[in-house]
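Quick note: the coordinates plus some simple rules give every number you see, no bench work behind them. Only a predicted model underlies this, so the values are computations on that prediction, with no experimental measurement involved. Here Cβ is always computed from backbone atoms with ideal geometry, including for glycine, and neighbour counts include all displayed protein chains.
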Amino acid sequence: MLPAGLNEIDQVFSRVISVVVGLGFIASLVVLTWAGIKYLTSGGEPKAIQAAHLTVTWALLGILFLAIAWLILQLIEAVTGVKVTLFDIRALCGGPSLPWCQPNP
């Protein structure tokens, strides 16, 4: 069995980033749904309505921050031409002259 190379490290980081972003959106939607349930079950009590309102506010802010972060990355990519949304460790290592940048045989 060969040791993991740069291709495998690239794949692991790409998958971890994809999973974390997906989980962030899912968590925000779950919190937003939970806030809706809190509204429905508040029974008109002002404290419960206020708590539900704060939960909705924070859930929407979470979704907004995730969307803004994605838009900023897209803007950087459009302005500079650098693919910041793709993880490529070979581009970070300075080229094939370094020994740890060499591909697996």
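Odds and ends about this structure:
- Between GLU8 and LEU32, the simple label model (points 7 Å from Cα in the Cβ direction) yields a spacing of 3.9 nm.
- Region 27-94: trypsin sites (Lys or Arg not before Pro) falling in loop per DSSP and having at most 16 other Cβ within 10 Å: LYS83
- Taking a ≥ b ≥ c as the square roots of the eigenvalues of the Cα gyration tensor, an a/c ratio of 1.5 or more together with a/b no larger than b/c marks region 6-86 as oblate.
- Here the calculated FRET efficiency for LYS47 and ILE17, from their Cβ-Cβ distance with R0 = 30 Å, stands at 0.15, rounded to the nearest 0.05.
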